[in-house]
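Colleague: Have a look at this one before I ask anything.
Taken together, the values in this text are just the output of simple stated rules run on the coordinates, not laboratory data. All values derive from a computational prediction rather than experimental measurement. Don't worry about glycine lacking a Cβ; one is built from the backbone with ideal geometry, like all the others, and counts go over all protein chains shown.
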Amino acid sequence: MTSASRAPGRRANHLRATPADELSWRPMQRSVRFAVTVALGATVFYLLFLLNPAYRGNIYVWLIVVFAEGLVVFQALTTWWTILAHSPSPDALEVHTWRRKLAAGEMTPTVDVFITTYGEPLEIVRNTILAARDMLLQHTVWVLDDGDSDELRDCAAELGVRYLRREVHDHAKAGNVNAGVRRTSGEFFVILDADHVPSPDFLLRALPHMQDPQVAFVQTPQTFPAARGLVAVGTAEAQRIFYELVMPGKNQFNAVFCVGTNVIFRRAALAQIGGMYTESNSEDIWTSLELHRLGWRSVFVPETLARGLAPDNLLSFLKQQFRWSYGGFEVLFRGGLFSRKGLTLDQRAQYLLTSLHYLLSLSALAFMSIPSLYLLFGLSPIRSDMSTWLAHYAPFYVIIVLVTLIQTGGFKLSSMIVSIGAAPVHLRAFVMAIFGRKAKWSATNAGTGGLPGVGLVLPHVALLLLNLVAVAVGVAALGHQFTNVPASLFAMFWAVLYIALLGRIIIEAVSEPRHVKARLERRRVGALLARALPWPERVYDVDDNLDLTVERATASAAPVPVTK
């Protein structure tokens, strides 16, 4: 590969989203901090009411609500803390110096690029190979094929990249990467999923952050510009919020974790822990945890440097959510976050928050059951008149939503629907993690077969029927003289809302098997679109006026590059 030359153009403004970069890293303004302060007051006001014994209703339902609301409040407060910790700042001068030297060919570190595959469609993998092969800076592309595809082997040879397969397919993706590491020798290596297309300047933008010899890996965002349909758009929106707001905050605590793709590792760092973590199917977060325990640093680069294909059907989405949530719960129960040495207090807290995030699904399941408990059995968590309850709850709920809207710049309904769709899967992962049951691994978007239909969403069907019956009973009871009409109407409002959300998930599951060919065509076009869309214009920091003192310090601190 050839090294980069000076390229004209302006640096992309990541303070504002564009069709090219999708993400918009915005500094937190005073209005956001003020809104968070008001939200804290509203939260305390509501919790004091909820915990007041004078207003306690049925003890069991009350405990369910306290648990569910407690999770929501805890997650909201800690997420605000993470987001507001981020202080946007330009790259360090040492990073600019490395970038200039890389662009000018004065530094030529050896870099291996791993494309991990396991049965993905050939045309999608081919698109990723082409993009990886054509990246700026010298590097070697390796296709790590766990699907043993002769067609893919021939494609790699045709495109002029290396191809590896292994005889024993153990430890899923982590084992595949480790096998690639053992058979290569680059000082750094990149991991790309088969359906993630890197930008031409991926290495030029991300690799300079390795100038600090204590940095073990550099993580870049996942973006999904070709997302279409409920599941894909909902997934893309959730990821946008995570990479736009949460990951930059984790940078402040040296708690950025690897997400399995679009990442650069330092080989020497990984060697210290014996390679990618293989005792879990969530190898990315466990590998990050082990590296942080040894004092290594991680960096998140808030630039769109790769584009991928989001899960576009419920089966793929739920597989992904199960794997992620199971890994998070494993860290919670067996990660030794507070019993083992090596992590800072902030890092322990950040890993804990990542694990607890998926418990919000338990809150969602609880909330979807409360209206039915009231309408069917007259069980209420609160004993008060409607006006008193609303006076305490409405400010809390409205302010929480308002702060979320301010921070995220708005969110799409599809992200809420798919999060509800994932709730039963997260519950299953939680139970399996508690009892230490191992889960079988499979690639998220692999395969071209059929989809299971309504059998995939039986828990959602049960919840929908429960709320339907509750609404029917509630309507029939409105004429009864002992019925609390305002409370019943309010419960029916929430039950109808849950019916609509659950119904949308069920409709998606039922309709998917009839549109397999259309879905595969959308993925093919999406892969082409991810590579064809223009990338943000960026300058390559080749300014000759950079401080030479910084350059000399960088050269002395950086590992000596090895050339082939």
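Colleague: Enumerate the amide H contacts of residue 197 below 5 Å, restricted to partners 5 or more residues apart or on another chain; note that Pro and chain-start residues carry no placed amide H.
Modeller: 307, 308
Colleague: Looking at segment 93-313, what % of its DSSP beta bridges pair antiparallel, to the nearest 5?
Modeller: Details: 10 of 29 bridges.
Of the beta bridges lying entirely in segment 93-313, close to 35 percent run antiparallel.
Colleague: Using the structure shown, select from 319/438; 173/341; 101/173; 412/438 the pairs with a Cα to Cα distance greater than 26 angstrom.
Modeller: Values: 319/438 14 Å; 173/341 28 Å; 101/173 34 Å; 412/438 34 Å.
Too far apart for the 26 Å limit: 173/341; 101/173; 412/438.
Colleague: When ranked by the protection proxy of mean other Cβ atoms within 10 Å per residue, highest first, what sequence do the peptides 40-52, 349-361 form?
Modeller: Values: 40-52: 16.1, 349-361: 20.8.
The densest-packed peptide leads the list: 349-361, 40-52.
Colleague: Oh, and also: Once amide H atoms are placed 1.01 Å from N in the peptide plane, what residues at a sequence separation of 5 or more from residue 300, or on another chain, have their amide H within under 5 Å of its amide H?
Modeller: 219
Colleague: If one computes the Cα centroid of segment 360-393 and of segment 99-142, what distance in Å separates the two points?
Modeller: 53
Colleague: Go through [x] 86, 56, 17; [y] 37, 28, 25; [z] 45, 27, 21 and flag the label whose value is the computed semi-axes √(5λ) of the Cα gyration tensor in Å for this structure.
Modeller: Checked against the structure: label [z].
Colleague: Share of antiparallel DSSP beta bridges in the chain, in percent to the nearest 5?
Modeller: Values: 11 of 30 bridges.
Antiparallel: roughly 35 percent of the beta bridges in the chain.
Colleague: Check which residues have an amide H placed less than 5 Å from residue 141's amide H, if you skip close sequence neighbours.
Modeller: Those lying under 5 Å, H to H, from residue 141 are 113, 162.
Colleague: How large is ³J(HN,Hα) for each residue in segment 296-305, as worked out from phi by the Karplus curve 6.51 cos²θ - 1.76 cosθ + 1.60 (θ = phi - 60°), to whole Hz, x for Gly and Pro?
Modeller: Per-residue couplings from phi come out as 6, 9, 10, 10, 9, 9, x, 9, 6, 10 Hz.
Colleague: Per DSSP helix of 4 or more residues, -39500 (n - 2.57); summed, then divided by the residues of the chain. What does that give at 222 nm, rounded to the nearest 500? If you can, show how the numbers build up before the last one.
Modeller: Working: 20 runs with 302 residues, N = 564.
Here the helix-only value at 222 nm equals -17500 deg cm²/dmol.
Colleague: Right, another one. What order, most packed first, do the peptides 65-72, 341-348 have when packing is the mean number of other Cβ atoms within 10 Å of each residue?
Modeller: Numbers: 65-72: 17.8, 341-348: 14.6.
Output ranking for 65-72, 341-348: 65-72, 341-348.
Colleague: Rounded, prolate or oblate: which one fits segment 54-187, using the alpha carbon gyration tensor with axes a ≥ b ≥ c (rounded when a/c is under 1.5, else prolate when a/b beats b/c, else oblate)?
Modeller: Values: a/c = 3.48, a/b = 1.64, b/c = 2.12.
Oblate is the answer for segment 54-187, as a/c is 1.5 or above yet b/c matches or exceeds a/b.
Colleague: Whole-Hz Karplus ³J(HN,Hα) for segment 101-106, in order, using 6.51 cos²θ - 1.76 cosθ + 1.60 and θ = phi - 60°, x for Gly and Pro?
Modeller: Per residue, the Karplus-derived 3J(HN,Hα) values read 5, 5, 5, 7, x, 6 Hz.
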